[in-house]
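**Q** A single structure is presented below for examination.
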Amino acid sequence: MIVEPLQLTVSAAFAGRNAGSAISADQIDAAEKRLGLALPEALKDYYLVAGGYPEMMEKDFHLFSPEKLRIEGDYLVFCEESQGGAVWGIHRNNLLTLPNPRVEGRAGNAQKWFSESSKLSAFLLGIGAWQALLSQEETARCELPEKQLKKIEAQFDYIGERSLRLGGHRVGLIYRDAAAPLIAAYLFNSEMLYVGTPEEGLIERIEELSGLDFEWL
């Protein structure tokens, strides 16, 4: 479902670097047997493509490895904030009936769950790009109203097909010039564009081409 866009993210963020201890299909199968349910295709894709890169699993969001997936009430919990302030999960009914289920979140020790993303694929592609860019040597951000997103489409491509990437709070982008590695994430709720690259001077070059005004992080 999201193998190719995740491979694009990993290639841009970790060019020339092989995955470490990758998550195997056997680990996923064992988790499904332990939990007594089938994991969604998008989550399995994330494990198989990005699971060998610690930054993709643990940078700002902590995605649980298959062995640490757990059931809380009616929810399969698969992710938490790095500081433990919130968790994200999928309702059992959606796991059973939807190929690309909704993601819901719960703050701290609260009992009530809230809607986070209408599609698991959008949640994972968004945080995958976010984790990847935060792992880069140079990172920056700028304000960019959503209505002005077209302003950067000459330099950037979205990560994933529209039907898979939309429905969450963030979306990933990749710099169109493959020789200039840069990955980005746009946050709809704050209308901020974040970028990350290992290449010194690239962000300044993009500023000149796009007219954006970045603040270094």
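**Q** Restricting attention to the range 107-126, and to residues there that are farther than 30 Å from Phe14 by Cβ and among the aromatic types (Phe, Trp, Tyr), which single residue is surrounded by the most Cβ atoms within 10 Å (Cβ to Cβ)? Give the steps one after another, and end with the answer.
**A** Initial filter on the range 107-126 (farther than 30 Å from Phe14 by Cβ): 107-115.
In the following step, the residues that additionally are among the aromatic types (Phe, Trp, Tyr) were identified as 113-114.
On the way: Trp113: 19, Phe114: 10.
Among those residues, the one meeting the criterion is Trp113.
**Q** A follow-up question, please. Are any residues in the range 134-159 open to solvent by less than 40 Å² (accessible area, probe 1.4 Å) and assigned to a loop (DSSP other than H, G, I, E, B), and if so, which ones?
**A** Ser135, Gln136, Leu144, Gln155, Ile159
**Q** Since Val195 meets every condition but one in (1) of a type in the set (A, V, I, L, M); (2) in a loop (DSSP other than H, G, I, E, B); (3) open to solvent by less than 60 Å² (accessible area, probe 1.4 Å), which condition does it not meet?
**A** (2)
**Q** Restricting to the range 177-201, name every residue that is more than 16 Å from Cys142 (Cα to Cα) and either touching a residue at least 40 places away in the same chain (Cβ under 8 Å) or among the aliphatic types (A, V, I, L, M) (or both).
**A** Within the range 177-201, the subset more than 16 Å from Cys142 (Cα to Cα) is 177-181, 198-201.
Correct list: Ala178, Ala179, Ala180, Pro181, Pro198, Glu199, Glu200.
**Q** If we scan the range 6-14, do we find a residue that is under 22 Å from Gly105 (Cβ atoms), in contact with a strand residue (DSSP E or B) (Cβ under 6 Å, 6 or more places away or on another chain) and among the hydrophobic types (A, V, I, L, M, F, W, C)?
**A** no
**Q** On to the next question. If I ask for residues that are among the small types (Gly, Ala, Ser) and surrounded by fewer than 16 Cβ atoms within 10 Å (Cβ to Cβ), which ones from the range 22-64 would you list? Steps first, please.
**A** First pass over the range 22-64, keeping only residues among the small types (Gly, Ala, Ser): 22, 24-25, 30-31, 36, 38, 42, 50-52.
Residues satisfying the conditions are Ala22, Ser24, Ala25, Ala30, Gly36, Ala38.
**Q** Quick check on my filter: what residues within the range 139-160 are touching a residue at least 60 places away in the same chain (Cβ under 8 Å) and under 17 Å from Val10 (Cα atoms)?
**A** Answer for the range 139-160, where residues must be touching a residue at least 60 places away in the same chain (Cβ under 8 Å) and under 17 Å from Val10 (Cα atoms): Thr139, Ile159, Gly160.
Conditions tested, residue by residue: (1) modelled with pLDDT under 95; (2) touching a strand residue (DSSP E or B) at 6+ places or on another chain (Cβ under 9 Å).
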| residue | (1), (2) |
| --- | --- |
| Gly126 | no, yes |
| Trp130 | no, yes |
| Leu134 | no, yes |
| Lys150 | yes, no |
| Ala154 | yes, no |
| Tyr158 | no, yes |
| Ser163 | no, no |
| Gly167 | no, yes |
| Leu173 | no, yes |
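**Q** Also, quick follow-up: Going by the conditions given, is Ala129 buried (at least 18 other Cβ atoms within 10 Å of the Cβ), in contact (Cβ under 8 Å) with a residue 12 or more places away in the chain and either in a loop (DSSP other than H, G, I, E, B) or not basic (Lys, Arg) (or both)? Steps first, please.
**A** On the way: buried (at least 18 other Cβ atoms within 10 Å of the Cβ): yes; in contact (Cβ under 8 Å) with a residue 12 or more places away in the chain: yes; either in a loop (DSSP other than H, G, I, E, B) or not basic (Lys, Arg) (or both): yes.
So Ala129 fits the description; yes.
**Q** Among what's in the range 74-106 and is open to solvent by 50 Å² or more (accessible area, probe 1.4 Å) and more than 17 Å from Ala38 (Cβ to Cβ), pick the residue that is modelled with the highest pLDDT. Before you say what the answer is, go through the steps one by one.
**A** Quick first cut of the range 74-106, residues open to solvent by 50 Å² or more (accessible area, probe 1.4 Å) only: 74, 81-83, 92-93, 96-99, 102.
Checking which are more than 17 Å from Ala38 (Cβ to Cβ) leaves us with 81-83.
Working: Glu81: 90, Ser82: 79, Gln83: 79.
By that ranking, first place goes to Glu81.
**Q** Can you say whether Glu55 is outside any helix (DSSP H, G or I) and charged (D, E, K, R), as far as the supplied structure shows? Quick ask: steps written out before the conclusion?
**A** Working: outside any helix (DSSP H, G or I): no; charged (D, E, K, R): yes.
No.
**Q** Here's a follow-up. Among what's in the range 6-21 and is in contact (Cβ under 8 Å) with a residue 24 or more places away in the chain, out of contact with any Phe, Trp or Tyr (no Cβ under 9 Å at 6 or more places or on another chain) and in a helix (DSSP H, G or I), pick the residue that is most open to solvent (accessible area, probe 1.4 Å).
**A** Among residues in the range 6-21 that are in contact (Cβ under 8 Å) with a residue 24 or more places away in the chain, out of contact with any Phe, Trp or Tyr (no Cβ under 9 Å at 6 or more places or on another chain) and in a helix (DSSP H, G or I), the one most open to solvent (accessible area, probe 1.4 Å) is Gln7.
**Q** Which one of Lys112, Lys68, Lys59 is touching a residue at least 60 places away in the same chain (Cβ under 8 Å) and either out of contact with any Pro (no Cβ under 7 Å at 6 or more places or on another chain) or among the aromatic types (Phe, Trp, Tyr) (or both)?
**A** Lys59
The values are calculated or read from the model by the stated rules, or taken from the named source; none is laboratory data. As the structure is a computational prediction, the values presented were derived from the model and not from experiment. Heads up, the Cβs are rebuilt from the backbone with ideal geometry, glycines too, and the neighbour counts pull from every protein chain shown. Each accessible area value is taken on the protein alone, full model and side chains, heavy atoms only, with ligands, DNA and RNA left out. Shrake-Rupley method; radii C 1.70, N 1.55, O 1.52, S 1.80 Å.
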